[in-house]
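See structure below.
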Amino acid sequence: MRTFLLAEKTCQHSAMKHPKQNRHAPQTHPSALAVPSYHRILVKHGLIEKTLSISDAYEVFLKVGADPEVQRLRREVAPGNKMKHVPALYLATAMALQGMTKQELEALKLRIEEKRVRATQEKLKR
């Protein structure tokens, strides 16, 4: 009978939690941490789908950055053309996209899609 009491007491103790155990730091969703900033920027502005792979999103981001209209807006946002740090380039591109209207973003999306189709056609010709 004594072992029964010990088992019961152990069960009661393990069910009780100490106050410090109840305090959990708020956690960010793991997928949000795993997605690079350029992916989030493109999703935010509707240039890619959220499910697009990171490598494909980077290719799109490079095409967005190479677009003449985005480059013009980026130069207006960033004083001078001296962006030595990559995150500054991301920020400047995000700010340039932020300054575009919905129509401008749609036109950009179409230009990027046209470039992708042309590149695919050129690869098939080779």
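Readers should treat all values here as calculations from the given coordinates under stated rules, not as data from a laboratory. Quantities reported herein were computed from a predicted structural model and do not represent experimental measurements. Every residue, glycine as well, gets a Cβ built from its backbone with ideal geometry; the counts of neighbours run over all protein chains shown.
Values computed for the structure shown
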| quantity | calculated |
| --- | --- |
| Local electrostatic count, residue 57, Cβ distance below 10 Å [Lys/Arg +1, Asp/Glu -1] | -1 |
| Ranked packing of 90-100, 109-119, 60-70, most packed first, by mean Cβ within 10 Å | 90-100, 60-70, 109-119 |
| Approximate spin-label separation residue 113-residue 56, in nm, with each point projected 7 Å along Cα-to-Cβ | 1.4 |
| In nm, spacing of pseudo-spin labels at residue 75 and residue 44 (7 Å Cα→C-beta vector) | 2.5 |
| Listed pairs 44/125; 50/115; 44/123 exceeding 28 Å between Cα atoms | 44/125; 44/123 |
| Extension gain (nm, one decimal) between residue 101 and residue 123, 0.36 nm per residue minus Cα-Cα | 4.6 nm |
